[in-house]
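Visitor: First the structure, which I've put down as structure tokens, then a few questions once you've had a look.
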Amino acid sequence: MMMRMSSSSPGPARPRVLSGIQPTADSFHLGNYLGALRHWVSMQFDHDAFYCIVDMHAITVDYDPQILRERTLGSTAQLIAMGVDPRQCTLFVQSHVPEHAQLAWVMGCLTGFGEAARMTQFKDKTAKGGQDRATVGLFTYPVLQAADILLYQADRVPVGEDQRQHLELTRDLVGRFNHRFGETFTLPEPHIIKDTAKISDLQEPTAKMSKSASSNAGIVDLLDEPKTSGKKIRSAVTDSGREVYFDEVEKPGISNLLTIYSALSGRTVEDVAATYDGRGYGDLKKDLAQVVEDFITPFRARTIELLEDRAELDAILREGAARARSVASETLADVYERIGFVPATPSESSR
Ligand code: ATP
Ligand code: LTN
């Protein structure tokens, strides 16, 4: 077997990681960061990392072309501002690598209609507008996601808990493809870190913090004015008790604040909770508001600075796409051959 070389440095292969995020909001939120994106940053140092801004997924729901363009660049700037380093990883835009759509077609032909219809994200998103308003693109969204992962033969996929079902489908497709056409794809493992895999909405602590939530008051957007974020934390819904301890059933609001505090400060939940023993919720909220403000202030400044040099962002994405394509095109060529497509250019042996 050919030894896989790292894309950024010569030497033996490091495990490969791939993840994606949709450019569907002006700002990422604290749930995206704590559930997934901070792992993108830490994993790039000991993995061969591919990170993708999935604009093709973003057009599966209503959108505005000009806003999508802005958000794609805005997402690039935010990822770099939070520490995703284009010299350490391959950062690229999905639509720049046409192999994603090409492999998605092949994987779609291996996916059952009923299997796709069981995906809870599809069911949730169509529940709002009704099936007639949902697109075929939204239906096949998880198939495109599988193609994203499989093109790069990813070993690990860092995501939040809500993506577990899509990764299960991807793993099923690997089994099916490899069984029918021979060992081709690596079986990817979800990388879901339990403690922060589901950050809750500050106003509705039993629901996940989500950019499609009905009210903005429960979401900490990373590009919010720092004072606004502080205020959102101080106004978080909690229970009527006074004691600070972690209990997701009895105290979902307080537990969520403790999780956020612990993840941003690097302290354990128990250690943070012990600090507020006998002091009540007000002090916890006030201190956490400061921790959040201290985190987002430099992030926001760096994002704004990066967005001032669009040419540099374009250059980073161009280079990322070239690196991504060199891997993706190899996988696709292998797949096309295995599934019986006649090569577009004659191979050496048949000339
Ligand atoms: P939407 O709710 O509109 O689907 P979103 O806010 O969930 O959007 P995505 O772009 O779907 O954001 O998610 C990007 C990444 O962030 C995914 O890996 C997802 O699992 C993770 N993520 C999103 N929300 C949370 C959350 N509240 N807690 C932990 N991880 C999250
Ligand atoms: N569906 C994912 C985004 C996504 C993704 C991927 C994540 C698209 N392709 C590949 C991991 C790997 C979401 O976060 N909503």
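Visitor: Quick check: anything in segment 63-71 surrounded by 21 or more Cβ atoms within 10 Å (Cβ to Cβ) and assigned to a helix (DSSP H, G or I)?
Guide: Scanning segment 63-71, I find at least one residue that is surrounded by 21 or more Cβ atoms within 10 Å (Cβ to Cβ) and assigned to a helix (DSSP H, G or I), so the answer is yes.
Visitor: I want to confirm something. Restricting to segment 15-39 and keeping residues that are in a loop (DSSP other than H, G, I, E, B) and more than 10 Å from ligand 1 (Cβ to nearest atom), which single residue is least open to solvent (accessible area, probe 1.4 Å)?
Guide: SER27
Visitor: Next question, about the same structure. Are there any pairs, at least 6 apart or on different chains, whose C-beta atoms fall under 8 Å, with the first in segment 226-244 and open to solvent by 100 Å² or more (accessible area, probe 1.4 Å) and the second part of a helix (DSSP H, G or I) and among the small types (Gly, Ala, Ser), and if so, which?
Guide: LYS231/ALA289; ARG234/ALA289
Visitor: Does any residue of segment 113-132 turn out to be within 16 Å of ligand 1 (Cβ to nearest atom) and under 28 Å from ASP46 (Cβ atoms)?
Guide: no
Visitor: For segment 272-295, which residues satisfy the criterion of being touching a residue at least 40 places away in the same chain (Cβ under 8 Å), of a type outside the set (D, E, K, R) and buried (at least 17 other Cβ atoms within 10 Å of the Cβ)?
Guide: TYR281, LEU284, LEU288, ALA289, VAL292
Visitor: Out of (1) within 12 Å of ligand 2 (Cβ to nearest atom); (2) open to solvent by less than 70 Å² (accessible area, probe 1.4 Å); (3) assigned to a helix (DSSP H, G or I); (4) not aliphatic (A, V, I, L, M), what's the single condition that is false for PRO190?
Guide: Here PRO190 meets the rest and fails (3).
Visitor: Taking LEU169 as meeting all but one of (1) closer than 30 Å to THR297 by Cβ; (2) within 16 Å of ligand 2 (Cβ to nearest atom); (3) part of a helix (DSSP H, G or I), write down the number of the exception.
Guide: (1)
Visitor: Pick out the one residue from VAL249, VAL220 that is hydrophobic (A, V, I, L, M, F, W, C) and either exposed (fewer than 14 other Cβ atoms within 10 Å of the Cβ) or free of Cβ contacts under 8 Å to residues at least 60 places away in the same chain (or both).
Guide: Values: VAL220 fails: either exposed (fewer than 14 other Cβ atoms within 10 Å of the Cβ) or free of Cβ contacts under 8 Å to residues at least 60 places away in the same chain (or both).
The unique qualifying residue is VAL249.
Visitor: Check whether at least one residue in segment 111-124 is crowded, with 22+ Cβ neighbours inside 10 Å and not in a strand (DSSP E or B), and report yes or no.
Guide: no
The values are calculated or read from the model by the stated rules, or taken from the named source; none is laboratory data. Just so we're clear, the structure is a prediction, and the values are computed from it rather than from any experiment. Reconstructed Cβ throughout: ideal geometry from the backbone, glycine too, with neighbour counts over all protein chains shown. When the accessible area is computed, the model is the full protein with side chains, heavy atoms only, and any ligands, DNA or RNA have been set aside. Shrake-Rupley method; radii C 1.70, N 1.55, O 1.52, S 1.80 Å.
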